[in-house]
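Below: the structure, in structure tokens.
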Amino acid sequence: MGNCCATPGSDTKSKDAKPKTKNNPFYSEAYTTTTGFKLSVLKDPTGHDITLMYDLGREVGRGEFGITYLCTDVNTGDKYACKSISKKKLRTAVDIEDVRREVEIMKHMPKHPNIVSLKDAFEDDDAVHIVMELCEGGELFDRIVARGHYTERAAAAVMKTILEVVQVCHKNGVMHRDLKPENFLFANKKETSPLKAIDFGLSVFFRPGEGFNEIVGSPYYMAPEVLRRNYGPEVDIWSAGVILYILLCGVPPFWAETEQGVAQAIIRSVIDFKRDPWPRVSDTAKDLVRKMLEPDPKKRLSAAEVLGMCLLFTSALPKSIAYGLLFAEHPWIQNAKKAPNVSLGETVKARLKQFSVMNKLKKRALRVIAEHLSVEEVAGIKEAFEMMDSNKTGKINLEQLKHGLHKLGQQQMADADLQILMEAADVDGDGTLNYGEFVAVSVHLKKMANDEHLHKAFSFFDQNQSDYIEIEELRQALNDEEDTSSEEVIAAIMQDVDTDKDGRISYEEFAAMMKAGTDWRKASRQYSRERFNSLSLKLMRDGSLQLEGET
């Protein structure tokens with residue numbers, strides 16, 4: 001969840017700030033040594049003690065790594081959001097670099113009415129605190145469904161804002177990489193409130209022509225070239241196109257019951273314009289959807305092209321043509337106020353509402369799962385790595401991994417599957433796993449072997465321990481979601497998840513919902529790596545993504 005992140009930082013560095021093992025990016029080795037080494041995350045924090053400048057208040061959001069608090073400037077009384085990230089949650093070098101880069105990108109971005117602004121960043125011995133603009137107006141979908149009348153015109157206004165954010169990012173050499181509805185909040189409750197992009201946790205700096213191969217982001221919004229591990233800033237336009245499709249019909253364009261199915265649908269890139277309400281949607285809106293969801297990134301429209309900012313002046317062109325190119329905005333975006341003001345129907349509103357609340361239900365469950373990844377489990381992973389690393393190089397090869405898993409009693413995997421899993425986790429491509437890469441493999445194998453974390457999450461909702469989540473328990477789980485937890489939406493969620501139609505959710509039905517999911521683990525490199533890397537490897541090898549049982 002992002003009301004944007006405030007993280008605590010440190011303004012001093014220990015002289016002996018070196019981890020014992022250079023090859024081990026897992027920070028807690030250094031963090032817990034008796035040498036007194038303290039992890040330093042931020043390059044240039046505002047200060048060490050956030051309490052000298054801000055009072056931290058109630059919790060307003062919680063994510064994979066941090067908790068966001070309402071905070072108050074002790075001198076002015078101004079309200080901000082502060083995302084506090086515990087250093088104990090930063091388990092790998094990649095996690096640390098993500099936080100560091102997020103702050104650097106927020107500092108780098110120009111002030112813009114639709115991008116949340118960074119105020120301060122603190123770092124102390126235990127946490128990083130990112131103080132930023134407070135957004136209290138709620139999530140994008142919540143605002144839409146609260147309105148009594150939802151139209152193409154409303155969707156066009158939202159999309160113009162999102163594309164303007166993308167354009168500002170790209171002009172400043174930033175690729176967002178995680179555009180989705182949850183990452184846009186309204187600044188306040190007013191009808192005229194600006195919409196703000198709030199989360200740069202997966203964003204990176206890029207240079208023109210530079211290629212990226214790391215699989216990150218949220219699968220529903222992931223461009224096909226991300227799965228192929230060769231992409232650039234065009235992925236942000238694809239993600240915005242997915243949002244546009246959802247805004248217009250209430251469901252994602254590439255959907256399936258499994259992660260593999262979603263990946264297959266993305267690669268096929270077949271867009272359905274037959275379902276309701278598409279027959280009522282204008283041709284110009286459909287044209288923009290097609291051009292933003294163009295599978296070839298070279299043919300995909302850029303933000304500048306959609307917004308008509310092609311500054312193409314040349315003496316070789318007549319002035320009238322050059323002037324026309326300057327304002328060659330896509331007709332649907334050209335004047336959002338002229339987009340059709342005909343209601344898209346209650347069906348779309350209901351879908352958006354259900355989509356939004358289902359996301360929150362799954363986020364709640366994923367939060368429980370994340371909190372149950374215990375210190376003991378982390379210690380066990382570290383012990384297993386040290387056992388397999390027999391020659392103490394800080395890396396393990398395929399044979400060491402295979403032998404070690406057998407020794408630990410892990411269920412046997414075929415050599416080919418183990419090879420794919422290892423290659424998927426081997427981010428630096430050196431044919432071995434360092435500690436951080438091994439953590440990803442271990443968590444993945446643990447989830448394959450049993451569902452104990454899902455059971456813990458299920459028990460959290462099953463308050464009366466009846467082995468079922470009943471409708472009242474579902475209602476209680478969403479009781480802080482204000483108007484979004486209406487009886488209609490709760491009933492719709494129950495109907496979707498309760499596949500045997502007995503009026504309650506069994507563990508098997510809950511697990512199926514979590515694994516199919518409408519909001520997979522937010523901003524999680526590890527989750528994306530676990531689920532999608534092996535698929536992308538198969539795609540690169542075969543040029544296809546054929547699934548088991550498919551001919």
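Each reported figure results from applying straightforward, stated rules to the coordinates on display, with no laboratory input. Owing to the predicted nature of the structure, the values given are computational and were not obtained by experimental measurement. For neighbour counting, all protein chains shown are included, and Cβ atoms are generated from backbone atoms with ideal geometry for every residue, glycine included.
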Going by average Cβ neighbours within 10 Å, how do the peptides 100-111, 235-246 rank, with the highest at the top?
235-246, 100-111
What GluC sites (Glu not before Pro) does region 150-194 have in DSSP loop regions with at most 13 other beta carbons within 10 Å?
E191
Honestly region 28-132 on the Cα gyration tensor test (a ≥ b ≥ c root eigenvalues; a/c under 1.5 rounded, otherwise a/b vs b/c for prolate or oblate) is just prolate
First measure r as the distance between the Cβ atoms of K299 and W255, then evaluate 1/(1 + (r/R0)^6) with R0 = 30 Å and state the FRET efficiency to the nearest 0.05.
0.80
Neighbour-limited loop hits for trypsin sites (Lys or Arg not before Pro), region 232-314 (at most 13 other Cβ within 10 Å; DSSP other than H, G, I, E, B):
K274, R275, K298, K299
Quick one: if you stick a label point 7 Å off each Cα along the C-beta vector at S390 and Y507, how many nm between them?
3.8
If you place +1 on the Cβ of every Lys and Arg and -1 on the Cβ of every Asp and Glu, how big does the dipole about the Cα centre of region 28-132 come out, in debye to the nearest 20?
240
Do any of K111/K160; K89/K402; K38/K119; K38/K382; K38/K456 go past 23 Å between their Cα atoms, and which?
K89/K402; K38/K119; K38/K456
Along the Cα→Cβ direction, 7 angstrom out, place labels at D44 and K286. What is the inter-label distance in nm?
5.2
Can you tell which of S84, H129, H108 lies farthest toward the positive end of the dipole of region 28-132, using +1 and -1 charges on the Cβ of basic and acidic side chains (Lys, Arg; Asp, Glu)?
H108
Spin-label point model (7 Å from Cα, Cβ direction): what's the E191 to R268 distance in nm?
4.3
